[in-house]
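Asks: Below you will find the structure I want to go over with you.
The values are calculated or read from the model by the stated rules, or taken from the named source; none is laboratory data. Bear in mind the structure is a predicted one, so any value in this text is a computation, not a measurement. A quick note on method: Cβ atoms are made from the backbone with ideal geometry, for glycine too, and the neighbour counts reach across all protein chains shown. These accessible areas exclude ligands, DNA and RNA; they are computed on the full protein's heavy atoms, side chains included. Shrake-Rupley method; radii C 1.70, N 1.55, O 1.52, S 1.80 Å.
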Amino acid sequence: MNKKFVTIALICLLFTFPAAAKLFDISEYTLGNGARLLVIENHKAPIVKHMVWYRVGSVDEKTGKGGAAHLLEHLMFRGTKKVSGSEFNRMMQINGADGNAFTSRDYTAYHQSLDVSRLELAMALEADRMRNLNFSDQDFAAERDIVYQERKQVVENQPLSGFFEAVQRGLWQTHPYARSVSGTEEEILSLTKADITDIYRRYYVPNNAVIVISGDIEPETAYRLAEKYYGKLPIGHALAEKHFPKVHLGTRVALKMKLPRVELPRIVRYYAVDSYNTDPDNIYAAAVLADYLGGSDTSELYKELVIKKKLALSVAVSYDYASRSYGTFSLMVVPAAGVSPEQLQATLDRVVNEAVASLTDEKLAKVKNKMLAGLVYLRDNPNDAAYIVGSLYTIGMSCQDIENYADNIRAVNSAEVKQAAKKIFGASAAVEGIVEPLGGEDKDE
């Protein structure tokens, strides 16, 4: 496609997203028991996304109890005193709902996509299991075994997963982010019913929950339904803000592994950097930096390493600022055939430095235009809107900052991006990992 045409198209898209426009136009409510409700209207189709987020993840587990938050997520589908066994899933299925759940380091979420006429049923069922979870010893043993087998399949039997866990441990050291969300095999097998009940009673309470409803519903209607079902639940004990340990900025870790079933070598670099919760003012320049360096096949590193020098097959740079503690800035490069990781390492340093030094106002404008154009359609998909808003709000981002993201990206200048690069690459805890094939005919899985 003609480059001039692409640029014009991007500018046209930006005109549809004017300055000071709200990304989602979120309606925010606080129920009497402390539960938060966020509503994102979208009347294009008679469907809604219903999500319940709890501010609890692997970072909240007690030492030696890894995997407890994830196991609780599984057990939430084992029924309550009112809705026994697998009745929750059956009722969702016969009403055409598509639902599931997930656990991360910082939160756990439950979600359903369904016709708006079935929303009230989903809310009633979620409110019930927020308060009345009831699982037997047999249920516990069965789900613990399922989680154990998941760990073996997803991590222990997938060498690359084990490699990335080792990289995370090297970066985070004694910080809770070093823990595996799934827990180790030993931790999972040591979990007791009391461990799970402890997390449920402490964290699965209205005042630690964020309810997100996105789609074909009026905010006032959503609020009325939320009060009807969630608003009746008793408030839980007040939860103190979690204090995370500091990461030593001088941490530098090098990790090299040769593993079976790995076809292509990889170089990864992870940096412990600012997040929304450590320094919200710095996240926008870092976000622009990540996109500029390796956010797409038009990025600086891709053009230099893949297209021009043909030293790499792929390049990816990402930045995660949506964390309760530190954020993570990462680079991953797959060397081209015949290029060793060691050859690529030195070139990578030079190309990154040159890319940062050569950033001009014109280049910056193109990067920001592309980022802003990608925001235009965020609200159109109720699933995406609910996930983005819910995850950001649950880690502590205000609705105002979520809505003003585009304006904050617009305000970033080249000096701020270069300063962000200097801080990330020169004054952050970092780990570099290299993984190579062990040999033979094994392939990536």
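Asks: For V253, which sequence-distant residues (separation of 5 or more, or a different chain) have an amide H within less than 5 Å of its own amide H, given hydrogens modelled in the peptide plane?
Replies: The list, which skips near neighbours in sequence, is A430, V431, E432.
Asks: On to the next question. In segment 183-248, which GluC sites (Glu not before Pro) fall in coil by DSSP and have 10 or fewer other Cβ atoms within 10 Å?
Replies: Values: sites: E185, E186, E187, E220, E227, E241; in loops: E241.
Of the GluC sites (Glu not before Pro), the ones in loops of segment 183-248 whose Cβ has at most 10 other Cβ atoms within 10 Å are E241.
Asks: At a 1.4 Å probe, what is the % contribution of carbon and sulfur to the accessible area of the chain? Spell out each step's value before the answer.
Replies: Values: 10610 of 20240 Å².
Taking all protein chains in place, the chain shows 52 percent carbon and sulfur surface.
Asks: Counting heavy atoms of the protein chains only and a 1.4 Å probe, report the per residue accessible area for segment 26-115 as a whole number of Å². Walk me through the numbers on the way to the answer.
Replies: On the way: 3430 Å² over 90 residues.
That works out to 38 Å² for each residue.
Asks: Send over a whole-number figure in Å² for the accessible area per residue of segment 227-335, probe 1.4 Å.
Replies: 48 Å²
Asks: Compute a Gaussian network model of the chain, connecting alpha carbons closer than 10 Å, and tell me which residue from A272, A254, A421 fluctuates the most.
Replies: A254
Asks: Using the reciprocal of the averaged 1/r over all distinct C-alpha pairs, how large is the Kirkwood radius of segment 99-207 in Å? Before the final figure, lay out each step's value.
Replies: Details: mean 1/r = 0.0612 Å⁻¹.
Over segment 99-207, the inverse of the mean reciprocal pair distance is 16.3 Å.
Asks: Taking the chain as a Gaussian network, where each spring joins two C-alpha atoms under 10 Å apart, which residue of R261, R129, R90 fluctuates the most?
Replies: Of R261, R129, R90, the Gaussian network model singles out R90 as fluctuating most.
Asks: Compute a Gaussian network model of the chain, connecting alpha carbons closer than 10 Å, and tell me which residue from L255, L171, L301 fluctuates the most.
Replies: The residue with the greatest mean-square fluctuation here is L255.
Asks: Using only the Cα atoms of segment 254-334, what are the Rg and Dmax in Å?
Replies: 14.5, 43
Asks: Excluding R252 itself, calculate the net charge of residues whose Cβ lies under 15 Å from the Cβ of R252, where each Lys or Arg counts +1 and each Asp or Glu counts -1. The partial results should precede the final answer.
Replies: Values: positive: R169, K256, R269; negative: D349, E432.
Local net charge: +1.
Asks: Taking amide hydrogens as modeled 1.01 Å from N in the peptide plane, which residues meet the under 5 Å criterion relative to S323, leaving out close sequence neighbours?
Replies: Those qualifying (amide H under 5 Å, at least 5 residues apart or on another chain) are Y276, N277.
Asks: Also, quick follow-up: Where the centroid of each part is defined by its Cα atoms, how far is segment 152-169 from segment 248-320 in Å?
Replies: Taking the Cα centre of each part, segment 152-169 and segment 248-320 sit 19 Å apart.
Asks: Moving on. Which residue, chosen from P341, G439, C399, occupies the Cα position most advanced towards the positive end of the dipole of segment 331-445, where the dipole is computed from +1 (Lys, Arg) and -1 (Asp, Glu) charges on Cβ about the Cα centre?
Replies: Looking along the dipole axis, the top candidate is C399.
Asks: I need the phi-derived Karplus couplings for segment 285-298: 6.51 cos²θ - 1.76 cosθ + 1.60, θ = phi - 60°, integer Hz, Gly and Pro marked x.
Replies: Computed from phi, the couplings for segment 285-298 are 5, 5, 5, 5, 4, 4, 5, 4, 6, x, x, 6, 7, 10 Hz.
Asks: What angle do you read, to the nearest 10 degrees and between 0 and 90, between the alpha-carbon axis of helix 159-172 and the longest principal axis of the chain?
Replies: Helix 159-172 and the main axis of the chain meet at about 90 degrees.
Asks: When the scattering of segment 318-374 is computed by the Debye formula from its Cα atoms alone, each counted once and equally, what is log10 I(q)/I(0) at q = 0.25, 0.28, 0.30 Å⁻¹?
Replies: Scattering profile of segment 318-374, log10 relative to I(0): -1.03, -1.05, -1.09.
Asks: Under 5 Å between amide hydrogens, which residues at least 5 positions from K258 or on another chain qualify, with H placed 1.01 Å from N in the peptide plane?
Replies: Amide H neighbours of K258: E436.
Asks: In whole percent, what relative contact order does the chain give with Cα contacts below 8 Å and a gap of six or more residues? Don't skip to the answer; put the middle values down first.
Replies: Details: 813 pairs, mean separation 109.5, N = 445.
Reported as a whole number, the value is 25 percent.
Asks: Moving on. With the Cα gyration tensor of the chain giving a ≥ b ≥ c as the square roots of its eigenvalues, does the rule (a/c under 1.5 for rounded; else a/b larger than b/c for prolate; else oblate) give rounded, prolate or oblate? Could the numbers behind the result be given before it?
Replies: On the way: a/c = 1.92, a/b = 1.29, b/c = 1.49.
Oblate, because a/c is 1.5 or more while a/b does not exceed b/c.
Asks: On to the next question. How charged is the neighbourhood of A373? Take every other residue with its Cβ under 13 Å from the Cβ of A373, and add Lys/Arg as +1 and Asp/Glu as -1.
Replies: That sum, taken over residues with Cβ under 13 Å, equals +3.
Asks: If you count the DSSP beta bridges with both ends in the chain, what percent of them are antiparallel, to the nearest 5?
Replies: 80 percent
Asks: Kindly provide the helix-only [θ] at 222 nm of the chain, computed as the sum of -39,500 (n - 2.57) over DSSP H runs of four or more divided by all residues, to the nearest 500 deg cm²/dmol? Please list the in-between numbers first.
Replies: Numbers: 16 runs with 178 residues, N = 445.
Taking each H run of at least 4 residues, the total per residue is -12000 deg cm²/dmol.
Asks: Shifting gears a bit: Provide the per-residue ³J(HN,Hα) series for segment 193-207, in order, calculated from phi with Karplus coefficients 6.51, -1.76, 1.60 and θ = phi - 60°, each as a whole number of Hz, with x at glycine and proline positions.
Replies: Per-residue couplings from phi come out as 4, 5, 4, 6, 4, 4, 5, 4, 5, 7, 10, 8, 9, x, 6 Hz.
Asks: Okay, next question. Treating the beta-carbon of each Lys and Arg as +1 and of each Asp and Glu as -1, no other charges, what is the dipole magnitude of the chain about its Cα centre, to the nearest 20 debye? The partial results should precede the final answer.
Replies: Values: 52 positive and 56 negative charges, 107 e Å.
Computed about the Cα centre, the dipole is about 520 debye.
Asks: Sticking with this structure for a sec: Taking Cα atoms, how many degrees apart are the long axis of helix 382-394 and the longest axis of the chain, rounded to 10 and kept between 0 and 90?
Replies: Once rounded, one gets 90 degrees.
Asks: Another question about this same structure. From the backbone phi of segment 402-413, what are the Karplus-calculated ³J(HN,Hα) couplings (6.51 cos²θ - 1.76 cosθ + 1.60, θ = phi - 60°) in whole Hz, Gly and Pro given as x?
Replies: 4, 5, 8, 3, 4, 5, 5, 5, 4, 7, 5, 10
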